[in-house]
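The values are calculated or read from the model by the stated rules, or taken from the named source; none is laboratory data. Computed from a predicted model, the values in this text were never measured in an experiment. Glycine also receives a Cβ, built like all others from the backbone with ideal geometry; neighbour counts cover every protein chain displayed. Side chains are part of the model used for accessible areas, which takes the heavy atoms of the whole protein and leaves out ligands, DNA and RNA. Shrake-Rupley method; radii C 1.70, N 1.55, O 1.52, S 1.80 Å.
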Amino acid sequence: DIALCFLLAGYLYVSSFLKHDSQGKPRILSKMGNSGYPAYDFFMGRELNPRSLGGWFDWKQFCELRPGLILWVLLNIACAQEQYQVYGRVSGSMVLLN
């Protein structure tokens, strides 16, 4: 899992040096990730919104938002299920949370 993350980060870092994306649009670099220090730029992220597959797949949105939001919902459901098994009901605050 860690190796996959580093491979993806390496791919995005190397691809940020290409002048144009797959649609021919110029890449927009972030101010924080364009310092000139390779190690700093790698960890800060060089490209502002890295996209693939013709520009419709946004890597930043996928890596930051989707997995976290999905896991948050699954964690809430798991907690509600555990509360139901222990107490025989789900409290109002748990319903409000979900």
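Within the range 43-55, take every residue that is open to solvent by 100 Å² or more (accessible area, probe 1.4 Å) and either in a loop (DSSP other than H, G, I, E, B) or of a type in the set (D, E, K, R) (or both) and give me the one that is modelled with the lowest pLDDT.
Only one residue tops the list, namely Leu53.
Among the numbered criteria (1) at pLDDT 80 or above; (2) open to solvent by 60 Å² or more (accessible area, probe 1.4 Å), which single criterion is violated by Leu65?
Leu65 satisfies every listed condition except (1).
Could you list, in sequence order, all residues of the range 37-91 that are among the aliphatic types (A, V, I, L, M) and touching a Phe, Trp or Tyr at 6+ places or on another chain (Cβ under 9 Å)?
Val90
I need the helices (runs of 4 or more DSSP H) fully contained in the range 56-98, keeping only those with at least 1 residues that are in contact (Cβ under 8 Å) with a residue 40 or more places away in the chain.
Ranges flagged: 59-64.
As an exercise: evaluate Tyr13 against (1) in contact with a helix residue (DSSP H, G or I) (Cβ under 6 Å, 6 or more places away or on another chain); (2) modelled with pLDDT under 75 and give the number of the one condition it does not meet.
If we test Tyr13 against (1) in contact with a helix residue (DSSP H, G or I) (Cβ under 6 Å, 6 or more places away or on another chain); (2) modelled with pLDDT under 75, just (2) comes out false.
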